[in-house]
Amino acid sequence: MKEKEVVIEIVDLHKSFGSRNILNGIDLEVYRGETFVIMGGSGCGKSTLLRHMIGNLKPDSGKVMLLGDEITHHYGAQLDEVRKKIGMSFQSSALFDSMTVGENVNLPLKEHTKLEKSVIDIMVTMKLELVGLRGFENLMPSELSGGMKKRVGLARAIAMDPQIIFYDEPTAGLDPIVASVVDKLIIDLSKKLAITSVVVTHDMKSVMAIADRIAMLYQGKVLEVGSPDEIRGSKNEMVQQFINGRFDGPIKFFQQKDNYLESLTQ
Amino acid sequence: MKNPIESVGSTFIGLTNSVIGVLALFFNTICWIVLGPFRGKMASRQSVVWQMVFAGVQSLIIVFFISLFTGIVIAMQSAYQLKQLGAIVYVAPMVSISMARELGPVFTALVVAGRVGSAIAAELGTMKVSEQIEALETIALDPVRFLVVPRFIALVIMLPCLTILSDIIGILGGLIVGVFNLQINLYRYLTFSFDLLTLKDIYTGLFKSVVFGIVIAMVSCYVGLETRGGAEGVGKSTTLSVVISFILIVLFDCILTGLFYFSNI
């Protein structure tokens, strides 16, 4: 088998906000063409990790290699060059609400390419067709439902034909049917366009449906990396508790039971 | 609880950081305006025009009324005093000079800070908390070039325009009182208005309005882009942008008046 090409490499990444350590030495590799899912409980640092991958946050130490470039110390124009090769779908869709659906999708093309308007229009139609929203070009984001916004956000993310797409909680807040539509889209896009996908989520159903490989994060560390089957059969108690959604287990929800009384009477 | 010294210290540090932040944003904006065209990365003309319409054209009505009534009030108040000296005709230059030097630029700036500055802070603040600013960065577009520069250009151009209008309307308001109430001859009123009004009165006023335009644009954009914490954060930013703009407008007015009329420049 051919050696897999590494497109994202993260080495010993540390990040803290104030006194809170969010990432405590993360090492990860993402290969070209795969769908890599980062899962973990709320506040385990998975969104923070994602923001390091796209260069929006800078680590305290460690490095991030994105498509062969070390972006840890990239700013401005240098970082923008790398960013043109990636797309990002946001948790809240983050559509520009002063622009129509069509303008949202054509913005990167208009700004970064010298294509004719007619060509851009065709490309926008194609991207919207891919997410099943052709004909919605002239609507404003406020006229769309949550699921449609997610899909427009996705169309915008793939506008520049990126090599990697990052998804931040793609199915959060969607009903089960729309969630599976979005899951199917993620799979389709990575197959049809041969795009590498990095997905951050805690939706277990979605994880098992889309993932080629899964990384489980806990308290800023990678607990385990493996295929969905490997994760399902994991011996790690924490992983088992998480994927089965159990209340009891090594991951405690209430972390400071002992000084509860003290803190009440203080 | 923090002790008093700590809170004074942290307030001071916060303030210093904000000042540095605003200056950095200003520098960044100027860089984009000056260097952008050479790199082929200008602010889009469409959005500059849009912002000019919003900041300028749509402020016309409020500026009109504020200036008209300001002019009327100054004329009435000064007439009351000047009548006792038998110098009623000096109502005319009183109105024209105070409008051109002070009231035109300052009132227009205050109105625009309240109407446009707050809208900018709210819009950018909402974009910030709903990840739209981050989305812009991720598609390799600089928020300063894309959002701040058009608003900056629009305010710096439109505020002096509105100020000119305000000066004229204010003088007109004074004229209404002068001609119809104080029975000063129209021709005499106009001659007195403009004979004593020097060019310096006008251009110092316009220079002030350019400075106020910069202040409003920078404060509201900076506050908007620094918004944190959801809907409440947006509300706070909106209020904060108006409060800071008002204080800085009056402060800069004071400094500039001192420079122009109480120093040897």
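Here is a list: B:VAL89, B:VAL95. Which entry is more than 20 Å from B:ILE164 (Cα to Cα), more than 16 Å from the chain's Cα centre (by Cα), more than 14 Å from chain A (Cβ to nearest Cβ) and among the hydrophobic types (A, V, I, L, M, F, W, C)?
It is B:VAL89.
Does the range B:42-80 hold any residues that are of a type in the set (Val, Ile, Thr) and over 19 Å from the mean Cα position of the chain (by Cα), and which are they?
Step one: of the range B:42-80, the residues of a type in the set (Val, Ile, Thr) are B:48-49, B:53, B:57, B:61-63, B:66, B:70, B:72-74.
B:ILE72, B:VAL73, B:ILE74, listed by residue number.
Assess whether A:LEU144 counts as being in contact (Cβ under 8 Å) with a residue 40 or more places away in the chain, away from every other protein chain (no Cβ under 11 Å) and surrounded by 15 or more Cβ atoms within 10 Å (Cβ to Cβ).
Answer is yes for this residue.
Have a look at A:LEU115, A:LEU109, A:LEU50, A:LEU128 and point out the one that is touching a Phe, Trp or Tyr at 6+ places or on another chain (Cβ under 8 Å), more than 22 Å from A:SER16 (Cβ to Cβ) and either at pLDDT 90 or above or of a type outside the set (Gly, Ala, Ser) (or both).
Going through A:LEU115, A:LEU109, A:LEU50, A:LEU128 in turn, the sole match is A:LEU128.
Mind checking which pairs have a first residue in the range B:127-144 that is more than 7 Å from every other protein chain (Cβ to nearest Cβ) and a second that is part of a loop (DSSP other than H, G, I, E, B) and not charged (D, E, K, R), Cβ under 8 Å, 6 or more apart or different chains?
Going by the 8 Å Cβ cut-off, the qualifying pairs are B:MET127/A:PHE96; B:LYS128/B:THR227; B:VAL129/B:THR227; B:VAL129/B:GLY229; B:LEU136/A:PHE96.
Out of the residues in the range A:93-108 that are of a type in the set (A, V, I, L, M) and more than 12 Å from B:ALA140 (Cβ to Cβ), state the one that is nearest to the other protein chains (Cβ to nearest Cβ).
Checking each candidate, the answer is A:ALA94.
Could you run through the range B:1-52 and say how many residues are assigned to a loop (DSSP other than H, G, I, E, B) and surrounded by 11 or more Cβ atoms within 10 Å (Cβ to Cβ)?
Within the range B:1-52, residues that are assigned to a loop (DSSP other than H, G, I, E, B) and surrounded by 11 or more Cβ atoms within 10 Å (Cβ to Cβ) number 4.
Spot the failing condition for A:ILE8; the list is (1) within 30 Å of B:LEU124 (Cβ to Cβ); (2) out of contact with any Lys or Arg (no Cβ under 9 Å at 6 or more places or on another chain); (3) crowded, with 18+ Cβ neighbours inside 10 Å, and only one is missed.
(1)
Hey, among the residues in the range B:60-85 that are surrounded by fewer than 20 Cβ atoms within 10 Å (Cβ to Cβ) and of a type in the set (S, T, N, Q), which one's modelled with the highest pLDDT?
Only one residue tops the list, namely B:GLN77.
For the range A:74-92, which residues satisfy the criterion of being assigned to a loop (DSSP other than H, G, I, E, B) and either in contact with a strand residue (DSSP E or B) (Cβ under 7 Å, 6 or more places away or on another chain) or more than 8 Å from chain B (Cβ to nearest Cβ) (or both)?
A:HIS74, A:TYR75, A:LYS85, A:PHE90, A:GLN91
Can you tell me which condition B:GLU131 does not meet? The list is (1) within 19 Å of B:VAL234 (Cα to Cα); (2) at pLDDT 95 or above; (3) of a type outside the set (Gly, Ala, Ser), and all the others hold.
The failed condition is (2).
Yes or no: the range A:54-66 includes at least one residue that is among the charged types (D, E, K, R), part of a loop (DSSP other than H, G, I, E, B) and either crowded, with 16+ Cβ neighbours inside 10 Å or away from chain B (no Cβ under 14 Å) (or both). First the steps, then the outcome.
First pass over the range A:54-66, keeping only residues among the charged types (D, E, K, R): A:58, A:60, A:63.
Still in the running and part of a loop (DSSP other than H, G, I, E, B): A:58, A:60.
From what's left, either crowded, with 16+ Cβ neighbours inside 10 Å or away from chain B (no Cβ under 14 Å) (or both): A:60.
Looking through the range A:54-66, at least one residue is among the charged types (D, E, K, R), part of a loop (DSSP other than H, G, I, E, B) and either crowded, with 16+ Cβ neighbours inside 10 Å or away from chain B (no Cβ under 14 Å) (or both).
Quick test for you: out of A:LYS46, A:LYS4, A:LYS58, pick the one residue that is out of contact with any helix residue (DSSP H, G or I) (no Cβ under 6 Å at 6 or more places or on another chain), basic (Lys, Arg) and within 30 Å of B:ARG145 (Cβ to Cβ).
Selected residue: A:LYS58, the only one of A:LYS46, A:LYS4, A:LYS58 that is out of contact with any helix residue (DSSP H, G or I) (no Cβ under 6 Å at 6 or more places or on another chain), basic (Lys, Arg) and within 30 Å of B:ARG145 (Cβ to Cβ).
Can you give me the number of residues within the range A:156-166 that are surrounded by 24 or more Cβ atoms within 10 Å (Cβ to Cβ) and more than 12 Å from chain B (Cβ to nearest Cβ)?
The total comes to 0.
Can you find even one residue in the range B:175-187 that is on the phi > 0 side of the Ramachandran plot and either more than 14 Å from every other protein chain (Cβ to nearest Cβ) or surrounded by fewer than 18 Cβ atoms within 10 Å (Cβ to Cβ) (or both)?
Scanning the range B:175-187, I find at least one residue that is on the phi > 0 side of the Ramachandran plot and either more than 14 Å from every other protein chain (Cβ to nearest Cβ) or surrounded by fewer than 18 Cβ atoms within 10 Å (Cβ to Cβ) (or both), so the answer is yes.
Show me the helices (runs of 4 or more DSSP H) found entirely inside the range B:90-173 where at least 1 residues are under 24 Å from A:LYS149 (Cα atoms).
The qualifying helices (runs of 4 or more DSSP H) are B:118-129, B:132-138.
Can you spot a residue in the range A:185-201 that is in a loop (DSSP other than H, G, I, E, B), farther than 21 Å from A:VAL6 by Cβ and either in contact with a strand residue (DSSP E or B) (Cβ under 9 Å, 6 or more places away or on another chain) or not hydroxyl-bearing (Ser, Thr, Tyr) (or both)?
no
The values are calculated or read from the model by the stated rules, or taken from the named source; none is laboratory data. Only a predicted model underlies this, so the values are computations on that prediction, with no experimental measurement involved. Virtual Cβ from ideal backbone geometry, glycine too; neighbours counted across all protein chains shown.
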